Every structure is written in structure tokens, then in C-alpha cells.
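Below: the structure, in C-alpha cells.
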Amino acid sequence: MYFSSLNTRIDDTIYKNLRIGFIWASKVSLITLLLITIVIWIDYVHEENNNLFLTTVNFAIQGLLFAFGWLFFAHNKTLNHYKIISSIYALLFGTTWGGAIINLNNLGHAYVIVEIVGNLLFLVVLLSFYTYRAAVYLATLPILIFTTWYSIADPRFDLLFAFTKLAITLIIIESGRQLLFKWFTARITQEHDNKRLLKQLAKLSFTDQLTQINNRRFFDFTIDKQIINTKHHNIPLSIILIDIDYFKLFNDTQGHVKGDICLKSVATTIRNSLMRHNDTVSRYGGEEFVVLLPNTDINGARRVAERIQQNLATLAIEHPCSHINDFVTVSQGIASWQMNQRPNQLIDTADSHLYNAKESGRNKYSST
């Protein structure tokens, strides 16, 4: 199972959150533009104001931009250069709203309207773009520059007030962004650790503690999946049931410690004899092992069985009590899945061939 690193997981989640943030910011902007347009028309429709129609046209163009952004980010896709795209969209967001602030100022009563709109936009930007600092400031700075400019231009406020307000706003934005981002990364880290722990627990539950290969539970779980896959893709599936010859005599005479060492060596040899990543070996019970070979017909399974015997012969584990050889050998039963055959029937077929291999002298394999 693929398990991404924490940094990769955070990076992927940043993009997903930004995409959702862009959609939400675009929706809020469209609604805000619509409400502002309605309000200024109610306030100025009976007055002679040459900027009313121009402001409405500018708001409409700006609304189209936000609608396009909404539709663009609504598609659930991953952008290869999402940081660049995010930065461009954030800058467009801040610049267009800066233009809206100019239009509102031209209508009169600028400072109150600018303050209301500016504070709303700072909140929207912070909640939408907090996972990416560059996007926050690319969207915020154009708005902040225009709102600060109108504070300076307003005769009621001096220069010190304007720059104090600018500094306090930046501190609040950055403090809020860091607080939200720390919460965000803490949640991702916790989720990552939980998934890693679950993966480790799953691995432990599927691993034989002595031989460190897969266990019976893993085989029972995997064979069901492989049979479904075999049916769906109409491909072959084979298994090899393996038993160490005269292992009880080995255990009785050499002791359980050497018996355990023998089991681990045989398990490792079988695992190293499998050439594909989707071929698996599991400890089936005691001194028995089972090899699962997806997309492998009976001839391919025979070649695997031969390779296991050759590698075990090369390993040459001494077996003084064997009746057939001076070294540890195995008997193998091979079976290929037949249409509508259940897992237990496939195993029974392999077990029957394993019995035949033992009856005919051991240290060999038997198949259909």
C-alpha cells in the first residue's frame, strides 16, 4: 500500500484547502458585489452621479472574474504548479478588490464603506488562503494599500494613525494565519500518525512473528481478493502448498531453537525465490507454507517450485534424520484456479497434490 510522507500529505492537503478556499472566496465576493451594487443603486439612482454606471460595469466585470475562478477551481483536479496558480489568483483577487475600493471612493463617503469592505475582505482572505502565506499577502496587500491610502487622505486622521492601523492589521492577519496554520498542520500530523499506526498494526496482524513473512490471516484475506481479480480480468491464478520434509524429526533431534532457525531460513529462501512483487508466501501453519501466484498458470507455478527446490538445495541446511537427503528438503503441491472454484477447493486441490508428492518420495512437486 502506498503511504505518502508527512510533507507530501501536508502539501497535497494545502492545495485541496486552497482550492476550497478559492471557491468560497469567489462565492462570497460575488454575493458582496451584488449587495454593494444594489445598495449603491438605491442610494445614488436618484442623484446625478457619473460614476454609478461605470462602477456597476466594473463590478460586473469583476463578478465575471470571480465566477470564472469559482468554475475553474470547482473541478476536482490536481494542478502541477498550484503555488503559481494560487499566487496569480490571489493577486487578481486583491487587485480587483482594490479597484472596487477606488470605485466606491469615487462615489463618495469612501472611508466608512472602504473600512467595512476592507475588514470583510481581510477576514475572507485569512479564512480562505491561510494555508499558503504568499497567497494571503498577495491578496491582502493591494487591499491594505488602498484602505491605508484613504486613511491618509481623510482629513480626520493623521499619518501616524494610518500607519499604526496598517501595522496592527498586518499583525492581526499574520497572527491569525499562523494560528490557523498551526491548527491545520497539527490536524494533518495527527491524521498522518493515526494512518501510520493503523498501517503498522495491519502489518503486525498480517505478519508471522517467527519467520517475519505473511501469516495465515494474510493468505485468507489475499486469496479472496485475487480470485475476484482473476474472475474480473480472466487471468490465471496458481498456488503452491509447501511442507518441510521430516521436520518433526528435525525438531525432536536438533531441538526447537534450531527448528525455529530452520523455519526462518526456509521461509526466507521461499520469499527470495519469488521474482515478482505481487507473488507472496505465507506461513500456513507449523512447517507448511503457501505461495500465492497471481496471473500465473500451472507451467509458471512449476518453474517457481523448481526454483524454490534449487535455492533450498544451495542453502544446504543439514538434516541428519531425513530419510531421503542429508539436507532439508520440501515437498510441494501445485494447483491452478478453475472456474467457479472456491478458495477452500483450490487449497484442497493443492493439498491433494502435496500428499501425492510425499507419497511418491518427497523432495519434489506434484501438479495437475
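The values are calculated or read from the model by the stated rules, or taken from the named source; none is laboratory data. Because the structure is predicted, anything quoted here is derived from the model rather than measured. With ideal geometry, Cβ positions are generated from the backbone for all residues, glycine too; neighbour counts draw on all protein chains shown. The accessibility values were calculated without ligands, DNA or RNA, using every heavy atom of the protein model including side chains. Shrake-Rupley method; radii C 1.70, N 1.55, O 1.52, S 1.80 Å.
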| task | Give me the pairs, please: first residue somewhere in the stretch 9-22 and more than 18 Å from PHE72 (Cα to Cα), second residue anywhere and open to solvent by 30 Å² or more (accessible area, probe 1.4 Å) and in a helix (DSSP H, G or I), beta-carbon distance under 6 Å, and either six or more positions apart or on two chains. | result | none
| The listed residue being surrounded by 12 or more Cβ atoms within 10 Å (Cβ to Cβ), of a type in the set (Val, Ile, Thr), assigned by the TED database to the domain that holds GLY333 and under 29 Å from the mean Cα position of the chain (by Cα), out of ILE244, ILE227, ILE239, ILE270 | ILE227
| field | Selection count where residues are among the polar types (S, T, N, Q) and free of Cβ contacts under 8 Å to residues at least 40 places away in the same chain, scope the stretch 226-253 | value | 2
| note | The condition of being in a helix (DSSP H, G or I), of a type in the set (S, T, N, Q) and in the same structural domain as GLN254 (by the TED database) holds, among GLN309, GLN332, GLN341, only for GLN309
| request: Spot the failing condition for ARG362; the list is (1) in contact with a helix residue (DSSP H, G or I) (Cβ under 8 Å, 6 or more places away or on another chain); (2) open to solvent by 30 Å² or more (accessible area, probe 1.4 Å), and only one is missed. | output: (1)
| message | For the list (1) within 27 Å of ASP326 (Cβ to Cβ); (2) of a type outside the set (A, V, I, L, M); (3) out of contact with any Ser or Thr (no Cβ under 6 Å at 6 or more places or on another chain); (4) assigned to a helix (DSSP H, G or I), I need the number of the one condition that THR211 fails. | response | (4)
| request: Taking only the stretch 116-133 into account, find how many residues are open to solvent by less than 40 Å² (accessible area, probe 1.4 Å) and not β-branched (Val, Ile, Thr). | output: 7
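So that you can scan it fast, the table gives a plain yes or no per residue for (1) buried (at least 22 other Cβ atoms within 10 Å of the Cβ); (2) closer than 22 Å to THR222 by Cβ:
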site	(1), (2)
GLN254	no, no
ILE261	no, no
SER265	no, no
ASN278	no, yes
ASP297	no, yes
ILE308	yes, yes
ALA316	no, no
| field | Where THR189 falls short, out of the listed (1) closer than 30 Å to ASP326 by Cβ; (2) within 30 Å of the chain's Cα centre (by Cα); (3) of a type outside the set (D, E, K, R) | value | (1)
| Looking only at the stretch 192-224, and only at residues there that are touching a Lys or Arg at 6+ places or on another chain (Cβ under 8 Å) and open to solvent by 80 Å² or more (accessible area, probe 1.4 Å), the one that is nearest to ILE347 (Cα to Cα) | ARG216
